[in-house]
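What follows is calculated from the coordinates using simple rules that are stated; it is not laboratory data. Quick caveat, the model's predicted, so the values are computed rather than measured. Here the Cβ positions follow ideal geometry from the backbone for every residue, glycine too, while neighbour counts run over all protein chains shown.
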Amino acid sequence: MTKVAPIDQRKADHIKINLEQDVRSALTTGLENYRFVHEALPEADLNRLDTSLSLFGKTLASPALVSSMTGGTDKAETINLRLAEAAQECGIAMGVGSQRAAIEQPAQAKTFQVRRVAPDILLFANLGAVQFNYGYGIDQCRKAVDMIQADALYLHLNPLQEAVQDAGDTNWIGIAKKIEEVCKKLEVPVIAKEVGWGISEKTAKVLADCGVSAIDVAGAGGTSWSQVEMHRAPDEFTRQLAATFVGWGIPTSDSILNVKKAVPEMTVFASGGIKDGLDIAKCIALGATLGGMAGQFLKAAAVSTEKAVEMMKLTNRQIGVAMFATGAWSLGQLAAKISTVRE
């Protein structure tokens, strides 16, 4: 019988693999099928454009989001602190990685606690929804939120990752009902988040009925967590199983449209393969409120806080220039500036 790696070792493996290996999906985000209409006379002033927005009671300088990535190891603590410092300086939102490690090993809580360096950011706590079938409930959700003084809670959905992971948690029966119970009882907004395979119209409707405040589509086209699990598989059977699904999922652009079609009023976060501020601007035009990136920010924060700040400022500026070159004075005007290039 294979010995299952402890959570902290798994988190360390995930950081190392994401930094060192090619773990991209075989699919693309679909954002290449859209482009903005360029205006040679934009009737706009780049330095006066408004990239700000308000969400869950916080004002953000731009719709860029540091997607949930890590926690639970000493290296993760350093990365999270650097990301949070940079997010504070740049005025953008941030999520932390799954806090299960800290729920089960309280000494790991400090690897997620970033409020001391980022008192003002919109901050998302994070737990795996499947854990509701493995002993978790509202108490653990409150612990995760209180642990980092979060403004909202991500419940991440990763059935495929669990299915190809050695000894993964694969009983997903009744999870929607348990998400609904948490949405009713938790004092902060609940956000449902995929981890890289996207959201269908059916799932969007189910999640809306559960009462979630937002859906992070985390579509296919970026990091494939089946590929990550392939690199840490303990045997050839598990490696081949994980490798099978490199082309699985719903692309990010399709996922955004799925949610907006199924539940037009739902707040959507776009993530999954977003590479820069131009991609974020496209996601906003398609109906998203925030656009999240992970890999770029992770690689920058692995170097220094300054590199993370530089990457975030570049991302914010890319969003602004996309608006400027289309003549959009606000984020809400971007929807009228995009066109499809699909055949």
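Numerical summary
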read-out	value
Under 21 Å from Lys313, Cα to Cα: lysines that are on another chain or at least 8 residues apart	Lys58, Lys275, Lys282, Lys299
Virtual spin-label span in nm between Glu310 and Asn133, 7 Å along Cα→Cβ	4.6 nm
Paramagnetic reach from Arg35 (point 7 Å along Cα→Cβ, amide N under 13 Å) across segment 316-339	338-339
Lysines with Cα under 16 Å of Lys185, excluding same-chain neighbours fewer than 8 positions away	Lys143, Lys177
Residue exposure sequence - Phe36, Phe124 - by fewest surrounding Cβ within 10 Å	Phe36, Phe124
Segment Asp146-Val341, length gained on full extension (0.36 nm per residue, minus Cα span)	65.6 nm
Residues with amide H under 5 Å from that of Gly291, placed H, sequence gap 5 or more	Ala64, Leu65, Ala270
Order of His38, His156 under a 10 Å beta carbon neighbour criterion, fewest first	His38, His156
Cα→Cβ-extended label distance, 7 Å offset, between Asn171 and Trp329, nm	5.8 nm
Taking Asp166, Asp139 and counting other C-beta atoms within 10 Å, the order from fewest to most	Asp139, Asp166
